[in-house]
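The values are calculated or read from the model by the stated rules, or taken from the named source; none is laboratory data. Nothing here was measured: the structure is a model prediction, and the numbers come from that model. Note: ideal-geometry Cβ built from the backbone for every residue, glycine included; neighbour counts use all protein chains shown. Heads up: the accessible areas ignore ligands, DNA and RNA and are worked out on the full protein's heavy atoms, side chains in. Shrake-Rupley method; radii C 1.70, N 1.55, O 1.52, S 1.80 Å.
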Amino acid sequence: MRIAGFALLGVVLGLPCISLAQKQPKGLLPIPDYTGDLSARSHLAGDFDGGRTTLAQKGVQIDVNWTQEAQTVVDGGRDTGGRYGGNVDTLVHLDLMRMGLIPGALVTIRAESRYGQSVNGIAGPILPVNTDGFFPLTANLDDGVCIAITDLNYTQFLSPQLAISAGKLDTLDADLNEFASGRGTRQFMNANFLFNSSLALRLPYSTLGVGGLWMPSPDFKVTASLINTVDSSDTTGFTDFGEGNTASIEADMQYRLGNLPGGANVGGLYSFDQDFARFGGELIFHPGEGFAIPHKNNTWAAYVSGWQYLLVLDPSDKPIDTSNGVADHKGIGVFGRFGVADQTTNPIDWSASVGIGGRGMIPGRDNDTFGVGYYYTHIQPERLLTVLRASNQAQGVEAYYNVAITPAINLTFDAQVVDDALRGTDNAIILGMRLGIDF
């Protein structure tokens, strides 16, 4: 599992701006370019006559993304109909090094607001077909969220190659991929193309934890973490101590096949000190209480994923930024994920996804992105699933085309065909649009 702050820092680590030995350090994060007219600038709000750049030079960067989704289940699923909703995501970086306060220190804060409804409840699949409308997690599906602090953590670099982090951590930036990432706001909307579903039931969206990063070279890094297993999207998380923990480790690398960039990662997690129902075990009879499902106090999951460009029309030697949710090169490539989980505790014992993605393949549309993917999830055909009339598999396809109206505004057209987890329900056909604005 990759900690959100490390995803960005791993890209800029090794650049001259983060030398810890400088007497007047410039900072951990580069200064974004907020300038330009409406048709060219990366942030719709612009630079406020230089004020935003000045603020960033003093160590404060504030990015606001407003994403709106309108989707309709046109056939199948549990019900048909349309839904509209949105999410306002505010990400704040306090570069304490650039402020001149603490060398190698960064504070990350993410505040999320959600409104409206999604089609997740009527489409049917186990994982959401609208990831942005599903997170942050709430007691009831589609509950409105005024403000949820899902990231609030402190990262300290001990050297240019070694860092530690602690606080509230957002895990949706785990398993980053050049063609299948972006938090559901940039590339695919279906959660099966943002992370491996084998991890879904054991990895909370937002929770308290600690982590570490080791990066011996810009092309290779290892992250590790220890977190609470209970999700704390709408709480502080301090009351969740003692209800289970998850330890994880992930190794990431980038490479080149000739001039074609590629990347891969492999990782795993181990959850412990929590009761997990044991699938396939014989029911236990307690005199005077009846039968009970057996439990065990630990479980595990492992995964591997990768991506590879097949064609690059604008070659360069710059590292690929997999954290931005956009293909860095004009070109086309492939991606894949595969994961397995403990069959005794996890109803999903293995899952996989594959697809293609790219950017700028239509003349004159250099910044438009696209993707097509297929996923398959194998669900254990156990006694409980039979009672619930659940299928032993789930699969689906998604295709999207993202139109870059300006660098700050994008409009996505999306189509999905997905299985319902319950037998007797037709495949859901879902059409939708997504509008994203970076302020």
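Some observations on this one:
- Protein accessible area in the chain, 1.4 Å probe - carbon and sulfur %: 63
- Per-residue [θ]222 nm for the chain (sum of -39500 (n - 2.57) over DSSP H runs n ≥ 4, rounded to 500): -1500 deg cm²/dmol
- Note on the range 132-208: Rg/Rh from C-alpha atoms, Kirkwood Rh, equals 1.01.
- The eigenvalues of the Cα gyration tensor, multiplied by 5 and square-rooted, give the range 82-222 an equivalent ellipsoid with semi-axes of 30, 18, 13 Å from largest to smallest.
- The 1.4 Å probe gives accessible areas that order Trp350, Trp307, largest first, as Trp350, Trp307.
- Relative compactness, the chain, computed as alpha-carbon Rg over 2.2 N^0.38 Å: 0.98
- Packing here is the average count of other Cβ atoms within 10 Å per residue, and on that basis the peptides 199-205, 70-76, highest first, run 199-205, 70-76.
- Per-residue SASA entry for Asp273, accessible area with 1.4 Å probe, Å² rounded to 10: 90
- Volume per residue of the convex hull around the Cα atoms, evaluated for the range 81-159, comes out as 115 Å³.
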